[in-house]
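S.K.: I have a structure here, written as structure tokens, and I will follow up with some questions on it.
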Amino acid sequence: MTKTRNEELREIWKKEEDIAHIEGWDFSHIHDRYDEEEDLPWNYDEIVRSYLKAEDRLLDYDTGGGEYLLSLNHPYENTCATEGYPPNVELCKKRLIPLGIDLRECNDASNIPFEDESFDMMINRHGDFVPKEIYRVLKKNGIFVTEQVGNKNDRDLVKMVLPDTEEPFPDLYLDKQKQLFLEAGFKIIRAEEAFRPIVFYDIGAFVWFARIIEWEFHGFSVDKCFDRLLDLQKTIEKEGKISGTIHRYLVVAQKI
């Protein structure tokens, strides 16, 4: 018996669902099948490098797989990192510790396992943070640089498949976070917010993404959302893509 087109699509999408996992923060599986962060109004890497000096003691909180931290080529004896996601912790133990980088396991941003005033600079990209705790571990005049995912991130995509899902992090917007930094004693050096497109060119890539970003697409599965996925497939066939919106904000703060 010949399979129907819908049955074929279900099989393809279920395979994407089944293999949805990452090591570190590696989205290479859907490389060239989606686009995002192509036109942010700032360059996180350039900003970090503009403040970082070789003699600085640096902490990368929530380092993921350590990929970005290693790209900085900062002197290893002045480099520290934390990570809390168990698979990434094991990966970082293999990648970072042999280089002499001080790695500490941590999944509580309010209790960073380092002494007071340990760092000249702390960075955090898309990880958790608590301004008062950052203030504690930074030295006087120390710099904190973060790029964060805001509360409106992917909301239009989520509603396409899970229309009743509530926002998972309602406090993650720039004005609220700036206030928390000021209350902790920081001076805000730079603060920006951006909304930019995210585009998928096939539904399989979208399925893989939704399973990976489970905290946004809470409860997503191919079977549960199949009819809505079929609607999105029609959009792909007509327009060549489905589009949503990412929400990012940037904060550069200094301990005073």
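The values are calculated or read from the model by the stated rules, or taken from the named source; none is laboratory data. None of these values were measured; they are calculated from a predicted model. Cβ: placed from backbone, ideal geometry, glycine included. Neighbour counts: every protein chain shown.
S.K.: Filter segment 149-203 down to the residues that are closer than 26 Å to Ser221 by Cα, among the acidic types (Asp, Glu) and either at pLDDT below 95 or in a strand (DSSP E or B) (or both) and list them by number.
M.R.: Those that are closer than 26 Å to Ser221 by Cα, among the acidic types (Asp, Glu) and either at pLDDT below 95 or in a strand (DSSP E or B) (or both): Asp164, Glu166, Glu167.
S.K.: Mind checking whether some residue in segment 13-27 is hydrophobic (A, V, I, L, M, F, W, C), in a helix (DSSP H, G or I) and within 30 Å of Glu192 (Cα to Cα)?
M.R.: Checking segment 13-27: not a single residue is hydrophobic (A, V, I, L, M, F, W, C), in a helix (DSSP H, G or I) and within 30 Å of Glu192 (Cα to Cα).
Table: residues versus (1) surrounded by 18 or more Cβ atoms within 10 Å (Cβ to Cβ); (2) of a type in the set (S, T, N, Q); (3) under 20 Å from the mean Cα position of the chain (by Cα).
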| position | (1), (2), (3) |
| --- | --- |
| Ala109 | yes, no, yes |
| Leu138 | yes, no, no |
| Ile143 | yes, no, no |
| Val149 | yes, no, yes |
| Asp154 | yes, no, yes |
| Val158 | yes, no, yes |
| Asp164 | no, no, no |
| Asp171 | no, no, yes |
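S.K.: Quick check, is Glu16 surrounded by fewer than 13 Cβ atoms within 10 Å (Cβ to Cβ) and not hydroxyl-bearing (Ser, Thr, Tyr)? Please lay out each step first, then the result.
M.R.: Details: surrounded by fewer than 13 Cβ atoms within 10 Å (Cβ to Cβ): no; not hydroxyl-bearing (Ser, Thr, Tyr): yes.
So Glu16 does not fit the description; no.
S.K.: When the residues of segment 182-214 are narrowed to those that are aromatic (Phe, Trp, Tyr) and more than 25 Å from Ile12 (Cβ to Cβ), which ends up surrounded by the fewest Cβ atoms within 10 Å (Cβ to Cβ)?
M.R.: Selected residue: Phe195.
S.K.: Continuing with this model, one more query. Spot the failing condition for Asp45; the list is (1) assigned to a loop (DSSP other than H, G, I, E, B); (2) modelled with pLDDT of 95 or more, and only one is missed.
M.R.: Result: Asp45 passes all but (1).
S.K.: For residues that are out of contact with any helix residue (DSSP H, G or I) (no Cβ under 6 Å at 6 or more places or on another chain) and among the small types (Gly, Ala, Ser), scanning just segment 223-249, find the one that is surrounded by the most Cβ atoms within 10 Å (Cβ to Cβ).
M.R.: Ser243
S.K.: For Leu103, all conditions in the list (1) under 20 Å from Leu182 (Cβ atoms); (2) assigned to a strand (DSSP E or B); (3) of a type in the set (A, V, I, L, M, F, W, C) hold save one; what is the number of the exception?
M.R.: Among (1) under 20 Å from Leu182 (Cβ atoms); (2) assigned to a strand (DSSP E or B); (3) of a type in the set (A, V, I, L, M, F, W, C), Leu103 violates only (1).
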